[in-house]
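S.K.: One structure, pasted below without further comment.
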Amino acid sequence: MADARPAGVILAGGRSKRMGSGPKAQSQLHDEPIIGHVIRRLLPQVDLLLLNVAPQAVGFESYGLQLVPDLLPGHRGPLTGLYSALTHLSEMGLDNGLVLCPCDAPFLPPELVATLLYGVRENSQSVSVVSYEGILQPTFSLWQNHHLPVVREAVEQGHGGLKYLLESLPHTVVEWAPAEPSPFFNVNTPDELETAARWLDHMPA
């Protein structure tokens with residue numbers, strides 16, 4: 001794992017109920033969709049970038065990424081996205097790890113992957129997960145192919161939460177230093193979209 005970068009997957013299979021009409025990943029933030037900001041920041045950090053989407057999702061082909069539809073219907077949450085992406089990597093024969101990232105995090109830090117890898121440098125069996133201001137951020141995490149059986153079991157038992165799954169697995173918590181804006185700020189509502197736009201107005205181009 002030390003000699004190769006992991007794959008990454010952007011989770012874009014949610015229903016975006018609080019954002020209003022249309023997928024929030026496609027909501028415009030300055031001159032591009034939110035997901036465009038995420039792709040631009042995560043792509044240089046990984047060897048392969050996947051895009052996890054809901055079955056029958058439309059409008060995501062234009063980003064030029066491999067699409068990984070949820071293997072289960074019904075918007076079951078990020079755990080299903082993790083399961084689908086790990087299964088996809090296993091079928092491809094790739095085993096350098098998988099970094100999760102949500103589609104609505106436009107301030108994703110450029111050192112995310114390197115920091116997650118450093119967190120498990122002495123224990124590759126562990127999941128590496130970000131904590132920010134004392135709150136676990138499980139959608140910013142690094143998983144391995146050998147986690148697939150326990151992920152599959154959790155999905156089959158109907159558990160939709162990554163936090164629930166982490167409680168049953170060895171995991172290393174990487175505490176992230178506070179910053180403004182938060183590197184892990186999520187855009188879930190129109191008001192948060194406006195907040196993100198104001199922050200971008202004051203950031204270097």
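S.K.: Which residue, of Leu116, Leu165, Leu89, is modelled with pLDDT under 95 and either buried (at least 20 other Cβ atoms within 10 Å of the Cβ) or among the aliphatic types (A, V, I, L, M) (or both)?
M.R.: Leu165
S.K.: Looking only at strands (runs of 3 or more DSSP E) that fall completely inside region 69-182, which ones have 1 or more residues that are among the charged types (D, E, K, R), out of contact with any Leu (no Cβ under 6 Å at 6 or more places or on another chain) and over 23 Å from Arg40 (Cα atoms)?
M.R.: Details: elements: 98-102, 127-132, 135-143, 171-176.
Answer list for region 69-182: 171-176.
S.K.: Could you check how many residues of region 21-76 are out of contact with any Ser or Thr (no Cβ under 8 Å at 6 or more places or on another chain), touching a residue at least 40 places away in the same chain (Cβ under 8 Å) and charged (D, E, K, R)?
M.R.: Selection size over region 21-76: 3.
S.K.: For residues that are buried (at least 16 other Cβ atoms within 10 Å of the Cβ) and touching an Asp or Glu at 6+ places or on another chain (Cβ under 7 Å), scanning just region 175-187, find the one that is nearest to Phe107 (Cα to Cα).
M.R.: Asn186
S.K.: What number of residues within region 82-112 are within 24 Å of Leu29 (Cα to Cα) and either among the hydrophobic types (A, V, I, L, M, F, W, C) or in contact with a strand residue (DSSP E or B) (Cβ under 9 Å, 6 or more places away or on another chain) (or both)? Steps first, please.
M.R.: Applying the first criterion (within 24 Å of Leu29 (Cα to Cα)) to region 82-112 yields 99-112.
Retained after the next criterion (residues that are either among the hydrophobic types (A, V, I, L, M, F, W, C) or in contact with a strand residue (DSSP E or B) (Cβ under 9 Å, 6 or more places away or on another chain) (or both)): 99-109, 112.
Count: 12.
The values are calculated or read from the model by the stated rules, or taken from the named source; none is laboratory data. The model shown is predicted, which means the values in this text are computed figures rather than measured ones. Note that we place each Cβ from the backbone using ideal geometry, even for glycine, and neighbour counts take in every protein chain shown.
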